[in-house]
Amino acid sequence: MMKLQIAIISFICLFSSCKQTESVKSTSNCSDYTLAIIKDFTGLDGCKWMVIINEKQYEAINLVDFYPNVADGKSIHIQFKKRTDLASICMAGEMIEITSTCDPKSE
């Protein structure tokens with residue numbers, strides 16, 4: 001079982017590190033972006049940070065790539081795609097990949 005978990009985590013890290021779709025939009029108009037809240041799910045086995053969108057939990061495979069200083073309760077604006085081709089040991093929500101972010105406070 002431990003080998004399977006290591007293989008899954010290695011696959012996720014390898015697969016997500018090849019993506020070069022990151023972009024940050026600096027504008028006060030984030031109307032094309034989804035408002036999400038970052039929550040700490042450390043108490044659940046295999047979980048850490050989850051993204052809450054419309055009261056639904058998602059596990060973002062590349063959250064720390066966009067937000068290296070993650071904080072519980074932080075509001076973010078993201079564009080994302082669902083990743084049904086991936087699995088996680090957390091199993092608390094669907095897997096997503098953040099494709100872009102928007103900071104409404106930037107000018």
## Note on the structure
Cross-link reach from residue 81 to aspartates and glutamates, straight Cα distance under 20 Å and at least 8 residues apart if same chain, gives 22, 32, 55, 59, 65, 94, 97, 103
### Task
Return the sequence-ordered ³J(HN,Hα) values of the stretch 94-100 in whole Hz as given by the Karplus equation 6.51 cos²θ - 1.76 cosθ + 1.60 applied to θ = phi - 60°, using x for Gly and Pro.
5, 8, 9, 10, 6, 9, 6
### Task
Tabulate in residue order the Karplus-calculated ³J(HN,Hα) for the stretch 34-50, using 6.51 cos²θ - 1.76 cosθ + 1.60 with θ = phi - 60°, rounded to whole Hz; enter x for Gly and Pro.
9, 6, 9, 10, 8, 10, 8, 10, 4, x, 8, 4, x, 10, 9, 8, 10
### Message
At 0.36 nm per residue, and after removing the present C-alpha to C-alpha distance, how many nm does the segment from residue 79 to residue 52 gain when stretched out fully?
### Response
8.4 nm
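Taken together, the values in this text are just the output of simple stated rules run on the coordinates, not laboratory data. This structure is a prediction, so every number in the text was calculated from the model and none was measured.
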